[in-house]
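Just so it is clear, none of the values below were taken in a lab; they were calculated from the coordinates. Note that this is a predicted model, so its numbers are computed, not measured. Please note: Cβ atoms are built from the backbone with ideal geometry, for glycine as well, and neighbour counts cover all protein chains shown.
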Protein chains: 2
Amino acid sequence: MASGTGLFVYTILLLLIGQIPTAFPQSIIQILPKVNLVSDKNALYCDSWRFSVETNDAGYWSTIPTRCRSFVKDYMIGDRYKSDSEVVAGNSLTFAKSLEIAGDGKDAWVFDIDETLLTNLPYYEAHGFGSETFDEKSFDEWVEMAQAPAIPESLRLYKELQQLGIKIFLLTGRSEYQRNVTVQNLYFAGYKNWEKLLLRGPSDQGKPAIVYKSEKRSDLINEGYTIHGSSGDQWSDLLGFAIAQRSFKLPNPMYYIA
Amino acid sequence: MASGTGLFVYTILLLLIGQIPTAFPQSIIQILPKVNLVSDKNALYCDSWRFSVETNDAGYWSTIPTRCRSFVKDYMIGDRYKSDSEVVAGNSLTFAKSLEIAGDGKDAWVFDIDETLLTNLPYYEAHGFGSETFDEKSFDEWVEMAQAPAIPESLRLYKELQQLGIKIFLLTGRSEYQRNVTVQNLYFAGYKNWEKLLLRGPSDQGKPAIVYKSEKRSDLINEGYTIHGSSGDQWSDLLGFAIAQRSFKLPNPMYYIA
């Protein structure tokens, strides 16, 4: 009886602190989820919050909910972000392979850059994963470093689309004055041979992203291109007018651009 | 030492079988996830698959992946579907409350019916949660019973929108011959006082849902209505033309309608 009670107390303790002794094999430690009523409730809420931002149900939001900070961190640096990126890249490639490529050089795919081809995770790791108010100055300093890594699944897709004979257009909310560092960063990350890199010029400043990006896609269509696919982490990359035949929403629970 | 080894073995056992003795309080049992490497890998994949269908990245699909059957079941009958529905209804209401209602009787909100106002979960529970090929005959028999329950969060939203002075339009892929059972089911579930119930007439048969629904929304706009919001579990409820000021995607990992 005493031994049974001991086991019971021990197990409860184990559950409550969500930890096990370090003597346990690493693989076991990794698969043991932290069990904690508060974090369970948060996880349920934050997962629904993520649903609402990824479907655009939430509309505009400025920072992630405070209670979701560790949820977003775990999502971004754990397996889930990678897994979601992989499935989206797979969807995109399946669609691309189903296309009849005209081969006249007018088959186009539009990629956004930040959180689509490149990840700014190193910056956001140092800035609370979207829980801090966006600070343009420090973000621009990060951009100037030109060291954002590729999202590996996007890089693979990018290359595979090129092999299919599709021309790549890069359409970013970054400004013309950032062209050089952007090109430098893209090369650093392994991206090459795009058709055009479109940045905000003087006349694009102040426009909502959804308008600016629709106008640029419209220009491409007027130049005779068929935009088969469009990839972006923001709905403002994908909706509006002159939309692609298929749009692919990449995950991004860290920030929202209208 | 022997006692330490005993605890170690006991805990490993606990982890491997993913179960704890029935003497444990029910609340503890509920929060202890089953630990299983295969199901962990499936959960990661299926969660990404769900991301891809809820964002429309996956495009058309006919049945859920076989490996995701228990994932979808757990999602639908556990806390997550309810939690997601709650957050979407909250987003919708927040937006509705921010509106300036003209009060001229022309403020409109469009609701889809199946998996938006009503849930067909009892049918899908008996048919593999989307893992079986859709069978129109048995589904129509279910519809004829007029016993689909309300999604509680949607019913609350529906009533709150009415209190704000917004007129409700129901726009469904169901056909005119199902009007009576549909009305009967809506009353049964607690829905009342909608402005119009729009079903597929003879000239709408065979049209893709996205076209049929866009045309009907277009008619409403031509009648002078402002469609502030649109709620649906399918992207074909929300996209196309004559789209609402804001669209709200409800969760549905069980089936896809183009």
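Rounding to the nearest 10 and keeping the result within 0 to 90°, find how far the Cα-based axis of helix B:152-163 lies from the longest principal axis of chain B.
Long axis of B:152-163 versus the principal axis of chain B: about 30 degrees.
Given a Förster distance of 35 angstrom, what is the FRET efficiency for A:Lys41 paired with B:Arg179, based on the Cβ-Cβ distance and rounded to 0.05?
0.25
Roughly how big is the protein assembly as shown's charge dipole about its Cα centre, with Cβ charges of +1 (Lys, Arg) and -1 (Asp, Glu), in debye to the nearest 20?
440 debye
Quick one: if you take sqrt(5λ) for each eigenvalue of the C-alpha gyration tensor of region B:33-85, what semi-axes come out, biggest first, whole angstrom?
After diagonalising the Cα gyration tensor, the semi-axes are 19, 15, 10 Å.
Counting only residues 5 or more places away or on other chains, whose amide H sits under 5 Å from the amide H of B:Arg174 once H atoms are built in the peptide plane?
HN-HN under 5 Å from B:Arg174: B:Arg200.
Say each of B:Lys137 and B:Asp104 gets a label point 7 Å from the Cα, pointing the same way as Cα to Cβ; how far apart are those two points in nm?
Output for this residue pair reads 5.2 nm.
So the label point goes 7 Å from the Cα of A:Ser203 along Cα→C-beta, right? Which residues of region A:163-183 then have their backbone N under 16 Å from it?
A:176
What does the structure give for B:244-253 when I average, per residue, the other chain Cβ atoms found within 10 Å of the residue Cβ? Working shown, then result.
Numbers: counts 0, 0, 3, 5, 6, 6, 3, 5, 0, 0.
Counting other chains' Cβ atoms within 10 Å and averaging over B:244-253 gives 3.
What is the projected area of the convex hull of the Cα atoms of region B:143-258, averaged over all directions, in nm²?
The directionally averaged projection comes out at 7.3 nm².
With +1 on each Lys and Arg Cβ and -1 on each Asp and Glu Cβ, how big is the dipole of region B:68-249 about its Cα centre, in debye rounded to the nearest 20?
On the way: 21 positive and 27 negative charges, 72 e Å.
Dipole magnitude for region B:68-249 comes out near 340 debye.
Which value does Rg/Rh take for region A:68-249 over its C-alpha atoms, Rh per Kirkwood? Please report the intermediate quantities before stating the final value.
Working: Rg = 16.1 Å, Rh = 16.9 Å.
So for region A:68-249, dividing Rg by the Kirkwood Rh gives 0.95.
Averaged over its residues, how many other protein chain Cβ atoms are within 10 Å of peptide B:53-62's Cβ atoms?
6
On average over all directions, what projected area in square nanometres does the protein assembly as shown have, based on the convex hull of its Cα atoms?
The number I arrive at for the protein assembly as shown is 28.1 nm².
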